[in-house]
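Here is the structure we will look at, set down as structure tokens.
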Amino acid sequence: MSGSEVVIVGGGVTGLSAGWWLARSGVKVTVLDKFIVGWEASGRNGGGASHYSSPLFDEEQRLWPQMDELLGYPTEHQKGRILIAMTERQWEQYRFIAERHTRLNHPVELLDVKQVQDAVPLAGDNCFGGVHYKFGGHANPQRTVQAYAWALQDLGGKIVQHSPVTGFETAGGKVTAVKTANATYGCDAVVVAAGPQIPQLMAQLGVDVPLAAARAEMIITEPAPMMPLGGVDGHKIYGRQTLRGNLAYGGGPHEWLDVDATGPKARPSTPLARNLAKRLAELLPKAAHLNVIRSWAGVIENSPDGRPILDRLSSPDNVTVASMSSVGFGLSPASGHAIRDLVIDGTCSFTNLDLLKLSRFDGLEKDWREKRGWMPIS
Amino acid sequence: MELNFTGTDICAVNGTRSAPETRYDVVVVGAGPSGIAAAIDAATAGKSVLLVDENPVSGALMGNDTPLYFGGRMTAATQNADRMLEAIFMSMPDLEKAMEAGAELLLGTTAWGVYRNGPGVASLPEQVVGLADAERSWMVGFGKIVLATGARDLALAFPGWNQPGVMGAAALQMLLTRYDAFAGRRMLVLGSHDLALETALLAHGRGVEVLGLIETRDAPQGGDDLVAAVKAAGIPITCGQTIASAKGGIDGVEAATLTNGETIACDTICVAIGLVPSIELVDAMHGPRSLNPARGGYVPAGEPSVDVVGDCAGLPDTGFDHVAYRMDWMRALTAVSANDTIICQCEEVTRADLIGVQPPNYLPRPAAMCARSLETLLKDGPANQDQIKRLTRAGMGVCQGRRCRDQVAMLLALESGTPFGTIPLASHRAPVRPLPLKILAEWDEPAEMEAAWDVWFGIPTQWVPVEDVGTPYEDDHREMLYTGMYK
């Protein structure tokens, strides 16, 4: 497939990683984005990279420690995570998860209160215990997204920003070109990695992709003294201490939205910042005096079962659909590799993606969103 | 795994938010002359009115140049909250008139966010403003909100600006007239437009030794009467010059050196080049803004339920192009200062690293990284300050960009050769004032919030390990980790 042209619709972290992987294989890649790379959820998330439930997990773990070197740009990747239980119920749940890890041979260690306080200086004696994952980790989403984009360019790939895709040209059961308002990009294959806009785009090709969009929120504090390990969360919030020291955390209830072909109209944060602040002050009581300096929101999509859709279609057979179902950042090194394999070889070389096929939703009821209560507030 | 859908997502935000603690027909933010007048008008018309003002802010916040650019030149008197409150009442006699008219007054109370349903959000029970004092935060409902948040100082970087003693004109005026708490004695003023001239006269009248005004353009910029008054007071105005650097010691500024080599011993350098309308609240609620160079920069451009009064709506239009004036200063300062001049104090970002789009010093800079710059970024499309902020961290610090947002925008315009305003200003985010976690926290949140709280979407199948799909463990996983979702 060397020398052929692949157009990627969507310059989020998944599309960019796919583009980078394809460019590494000598494929000519053009990434089209409606605005600026990583501007949506790819650049505004918790940065976690410990997705043990995914078929892409092993590859995620293998790749992250190498990403700075492979990309040539810093991602701020850091290894390890500690989950702190703040209630008896959470402690029971985290021990359950730890047992599961042990069964799967993922290295974990249970921490008592004293050990939590030693490992996490901002924690208090108000916790029940913790679980130290000796795997996984976190990185800086904004920096990583730009790193993929730059690395892709360094390999000769093209990124075209401010260019929403308006449609496709098809011939002989294949997509032959991708159209924007100002240009038409001929292609041998297409990757549609446009997040919440995937359903609208794929509908133009007669393919139904069931995805629903929602808004989620985060807060960030001023820098705290650096902890030995930045990937500290639990208490039903997720997040990290950045390498600058800021505490960036999210979690809590989401709001379902309708997103049209042009993408989210706005990404407003809400007073949910107060509920996040409460939980972060409980999780890390020695940080409770720290100032919150920003809050923000992002819009992400979910499939009906919450698992990604990573699939090379049978018709048009040169189209690969890629939605990570709201969990895309950490898995991006692996998802890009998988997409590269699907585009070039038609099958993934390193894991079984059957669980992520679009066809699992064949026969899905038309009112699947209503049934789940995944409808926007009217 | 069998999922029994109920038509309800128990982890959605619907119905989980608290109602506001109180409601007023009108909430006025900012108790300066415009805010007080708006509160009196509304109260006289029979409306229920809440008038809030963040002042006096804590000494810690003042030390962080919040809300104005105090430059560390406050006396210890600002640490005494009771004295500060009294000073505000003494200096603002109309506050009592507002209370007599029936407005409720809360000083030391910050409005940190305004929220209403609109694009991207429909879950708010009603439109609310977030308030906070030294003890706690709370939400207040309103029919109309009047923003009278005034204007704040434009800071501009030069070598040595990042030390105590470099401050803004609005901050100086507040310390002199309201609090009688200015710690400087010998002051140099940058600028010669009305703001600089008025500030110099005020300081002179209060016994501060004003050593002179420095003007980068070839002639004084302010009104003839003010220029004459300054000269009559014996204060020289030096034109065609800019500041090359400020030197200092442990207490901050000790001397300023001009481009002509002249060194002036002083303890304060007052940056009086411009004021910027304080649009943080309306910008953080994604209200529209427009650029109006004659009114001091970006101004709110119309938002339902929001009235904007006073300097927040824009400085009085005297026909002076504030933006062109600032850009002249920026050009002059950039020409005479080294590239390693700090632009963002909080994050210690130099001009070279800003224009080089380089990461902070704690990250490696491999060869590919070093080859990137604003110039290469511009090949991908128009510059965006938020994108550059994320990459360089300029504007991401605890001052929330108050010291550098505007000047970064000016530098990007200069360096990219585009008119100021072409590159969108970096966004403001709630809370628009730094608020401690324990203050911002909703400690008494509704039970519905905790019931709906999940770390992510609460979709049981999302996190079942792939090895377990289709095994009995799948149900154990749901039983243990999901409480009630789709059962």
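Does chain B classify as rounded, prolate or oblate by the C-alpha gyration tensor (a ≥ b ≥ c root eigenvalues; a/c under 1.5 gives rounded; else a/b over b/c gives prolate, otherwise oblate)?
The shape class here is oblate.
Can you list the residues, at least 5 places off or on another chain, whose amide H is less than 5 Å from the amide H of B:N55, using H built in the peptide plane?
Under 5 Å from the amide H of B:N55: B:G108, B:T109.
Identify all lysines with a Cα-Cα distance to A:K286 below 19 Å; exclude those on the same chain that are fewer than 8 residues away in sequence.
Filter leaves A:K114, A:K236, A:K278, B:K438.
Give me a comma-separated list of calculated 3J(HN,Hα) values for region B:406-420, in order, Karplus coefficients 6.51, -1.76, 1.60 applied at θ = phi - 60°, integers in Hz, x for any Gly or Pro.
Using θ = phi - 60°, the values come out as 5, 6, 5, 4, 5, 5, 5, 5, 4, 6, 8, x, 10, x, 4 Hz.
Show me, for region B:292-299, the HN-Hα J-couplings you get by feeding each phi into the Karplus relation (A = 6.51, B = -1.76, C = 1.60, θ = phi - 60°), rounded to Hz, glycine and proline as x.
Here the 3J(HN,Hα) series is 10, x, 6, 10, x, x, 6, 10 Hz.
Assign one of three labels to region A:81-127, namely rounded, prolate or oblate, based on the Cα gyration tensor with a ≥ b ≥ c the square roots of its eigenvalues; rounded applies when a/c is under 1.5, prolate when it is not and a/b is larger than b/c, and oblate otherwise.
Verdict is oblate for region A:81-127.
Mean projection of the alpha-carbon convex hull of the protein assembly as shown over all orientations, in nm²?
Values: hull surface 140.9 nm².
Over all viewing directions, the protein assembly as shown projects a mean Cα-hull area of 35.2 nm².
What are the aspartates and glutamates whose alpha-carbon lies under 16 Å from the alpha-carbon of A:K158, with same-chain residues fewer than 8 places away excluded?
Of all the aspartates and glutamates, those that pass the test against A:K158 - Cα under 16 Å, at least 8 places apart if same chain - are A:E5, A:D33, A:D188, B:D380.
Tell me, what HN-Hα J-couplings in whole Hz come from the Karplus equation 6.51 cos²θ - 1.76 cosθ + 1.60 at θ = phi - 60° for each residue of region A:52-62, using x for Gly and Pro?
5, 7, 8, x, 8, 4, 4, 5, 4, 5, 5
B:V271's amide H: which non-local residues (gap 5+, or another chain) put their own amide H closer than 5 Å, with H modeled 1.01 Å from N in plane and none for Pro or chain starts?
B:M167, B:G168, B:A169, B:L190
Which order do the peptides B:433-443, B:381-391 take when ranked by the mean count of other beta-carbon atoms within 10 Å per residue, highest first? Provide the component values of the computation, followed by the final result.
Numbers: B:433-443: 23.0, B:381-391: 20.1.
Ranked by mean Cβ neighbours within 10 Å, highest first: B:433-443, B:381-391.
Which whole number gives the average, over all residues in B:379-389, of C-beta atoms from other chains lying within 10 Å of the residue C-beta? All intermediate terms of the calculation are to be shown ahead of the outcome.
Values: counts 2, 12, 9, 3, 0, 4, 0, 4, 9, 0, 1.
Across the residues of B:379-389, the mean count of other-chain Cβ atoms within 10 Å is 4.
For the ranges A:353-362, B:181-190, A:137-146, what's the packing order if you count other beta-carbon atoms within 10 Å of each residue, average per peptide, and put the highest first?
Values: A:353-362: 16.3, B:181-190: 22.4, A:137-146: 26.0.
So the order, starting with the most tightly packed, is A:137-146, B:181-190, A:353-362.
222 nm [θ] for chain B, helices only, -39500 (n - 2.57) per DSSP H run of 4+, per residue, to 500?
Details: 17 runs with 134 residues, N = 487.
Rounded to the nearest 500, the figure is -7500 deg cm²/dmol.
Per residue of B:465-477, count partner chain C-beta atoms within 10 Å of its C-beta, then hand back the mean as an integer.
Numbers: counts 12, 12, 7, 4, 5, 1, 0, 0, 2, 0, 0, 2, 4.
Going residue by residue through B:465-477 and averaging, the value is 4.
Provide the FRET efficiency to the nearest 0.05 for the A:R360-B:L291 pair, computing r from the beta carbons and using R0 = 45 Å. Before the final figure, lay out the partial values.
Numbers: r = 51 Å, r/R0 = 1.13.
Here the calculated transfer efficiency is 0.30.
Counting only residues 5 or more places away or on other chains, whose amide H sits under 5 Å from the amide H of B:R23 once H atoms are built in the peptide plane?
B:G141
Which distance in Å, rounded to a whole number, links the C-alpha centroids of region A:35-110 and region B:411-443?
Distance between centres, Cα-based: 30 Å.
What's the exposure ranking of B:C312, B:C346, going from fewest to most Cβ atoms within 10 Å?
Numbers: B:C312 29, B:C346 25.
The fewest-first ordering by Cβ neighbours comes to B:C346, B:C312.
Give the lysines whose C-alpha is closer than 26 Å to that of B:K47, dropping any in the same chain fewer than 8 places away, or say none.
Once the sequence-local lysines are set aside, what remains near B:K47 is B:K97, B:K144.
Taking Cα pairs under 8 Å and at least six residues apart, what relative contact order does chain A come out at, in percent?
Numbers: 875 pairs, mean separation 88.0, N = 378.
Relative contact order for chain A comes out at 23 percent.
Placing +1 on the Cβ of each Lys and Arg and -1 on the Cβ of each Asp and Glu in region A:270-378, which of A:S295, A:P316, A:W368 has its Cα farthest towards the positive end of the resulting dipole?
With unit charges placed on the Cβ atoms, the residue in question is A:S295.
How far, in degrees from 0 to 90, does helix B:81-91 lean away from the longest principal axis of the Cα atoms of chain B, to the nearest 10?
60
Which order, highest average first, do B:365-376, A:59-70 follow once you tally other Cβ atoms within 10 Å for each residue and take the mean per peptide? Spell out each step's value before the answer.
Details: B:365-376: 14.2, A:59-70: 17.4.
Those peptides, ordered most packed to least, come out A:59-70, B:365-376.
Can you sort A:T262, B:T238, B:T350 from fewest to most other Cβ atoms within 10 Å of each residue's own Cβ? If you can, show how the numbers build up before the last one.
Working: A:T262 10, B:T238 17, B:T350 20.
In increasing order of surrounding Cβ atoms, one gets A:T262, B:T238, B:T350.
Answer with one residue from A:P164, A:V116, A:M86: the one whose Cα lies farthest towards the positive end of the charge dipole of the protein assembly as shown, charges on Cβ with Lys, Arg +1 and Asp, Glu -1.
A:P164
Around B:G165, with a cut-off of 9 angstrom between Cβ atoms, what is the net charge of the other residues, counting Lys and Arg +1 and Asp and Glu -1?
On the way: positive: B:R73; negative: B:D251, B:E254, B:D267.
So the surrounding residues net to -2.
What ranking do B:D283, A:D305, B:D25 get, fewest neighbouring Cβ atoms within 10 angstrom at the top?
Details: B:D283 19, A:D305 22, B:D25 16.
The most exposed by this proxy come first: B:D25, B:D283, A:D305.
Treating the angle as unsigned and between 0 and 90°, give the value, to the nearest 10°, between the Cα long axis of helix B:33-44 and the longest Cα principal axis of chain B.
In chain B, helix B:33-44 runs at an angle near 50 degrees to the longest axis.
Bear in mind these aren't lab numbers, they're just calculated from the coordinates by the rules spelled out. On a predicted model such as this, the values are computed, not experimentally measured, just so you know. Note: ideal-geometry Cβ built from the backbone for every residue, glycine included; neighbour counts use all protein chains shown.
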